[in-house]
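Student: Got a structure here, written out as structure tokens. Questions coming.
Values in this text are rule-based calculations from the coordinates and carry no lab data. Since we're looking at a predicted model, the values are computed, not measured. Methodologically, a virtual Cβ is constructed for each residue, glycine included, from the backbone with ideal geometry; neighbour enumeration extends over all protein chains shown.
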Amino acid sequence: MTTVKIAGMSCNHCVMGVKKALSAIPGIENLQVEIGAARLEGNVDLEAVKRAIEEEGYEVVEVA
């Protein structure tokens, strides 16, 4: 499982926006989003994940 720490999220609206953006990325098999983080599994292009989060207006702080 990959954890992406995200800065700038403060509410459920933020969570839903990030979840929707990440759900559109091919290869994600399991996705959990909460304020400040997203956890995902699958064969995923992490650069695409970063771009999707940044396009929603948030900052990727760390990918682990």
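Student: Kindly write out, for the stretch 29-45 in residue order, the coupling ³J(HN,Hα) from the Karplus curve 6.51 cos²θ - 1.76 cosθ + 1.60 (θ = phi - 60°), rounded to whole Hz, with x marking Gly and Pro.
Tutor: 9, 9, 9, 10, 10, 9, 4, x, 7, 10, 10, 9, 10, x, 8, 10, 7
Student: Treating the beta-carbon of each Lys and Arg as +1 and of each Asp and Glu as -1, no other charges, what is the dipole magnitude of the chain about its Cα centre, to the nearest 20 debye?
Tutor: 140 debye
Student: Determine the relative contact order of the stretch 2-59: mean sequence separation of Cα pairs under 8 Å and six or more apart, normalised by residue count, in whole percent. Write out the running numbers ahead of the final one.
Tutor: Details: 81 pairs, mean separation 24.9, N = 58.
In percent, rounded to a whole number, it is 43.
Student: Right, another one. How would you rank Ile28, Ile6, going from fewest to most other Cβ atoms within 10 Å of each one's own Cβ?
Tutor: Fewest-to-most Cβ neighbours within 10 Å comes out as Ile28, Ile6.
Student: So, one more: Given the DSSP H assignment, sum -39500 (n - 2.57) over each helix run of at least 4 residues in the chain and divide by its residue total; what's the result at 222 nm in deg cm²/dmol, nearest 500? Could the numbers behind the result be given before it?
Tutor: Details: 2 runs with 22 residues, N = 64.
Helices in the chain give a 222 nm mean residue ellipticity of -10500 deg cm²/dmol.
Student: Of Val49, Asn12, Gln32, which is farthest along the charge dipole of the chain in the positive direction, counting Lys and Arg as +1 and Asp and Glu as -1 at C-beta?
Tutor: Asn12
Student: Take the Cα of Asn43, step 7 Å along the line toward its Cβ, and report every residue of the stretch 12-33 whose backbone nitrogen sits under 19 Å from that point.
Tutor: Residues 23-31 qualify, since their backbone N sits under 19 Å from the label point.
Student: Determine the sum of side-chain charges near Glu29: Lys and Arg each +1, Asp and Glu each -1, restricted to other residues whose C-beta is under 12 angstrom from that of Glu29.
Tutor: My count for the surroundings of Glu29 gives 0.
Student: Excluding Lys20 itself, calculate the net charge of residues whose Cβ lies under 13 Å from the Cβ of Lys20, where each Lys or Arg counts +1 and each Asp or Glu counts -1.
Tutor: Charge balance near Lys20 sits at -1.
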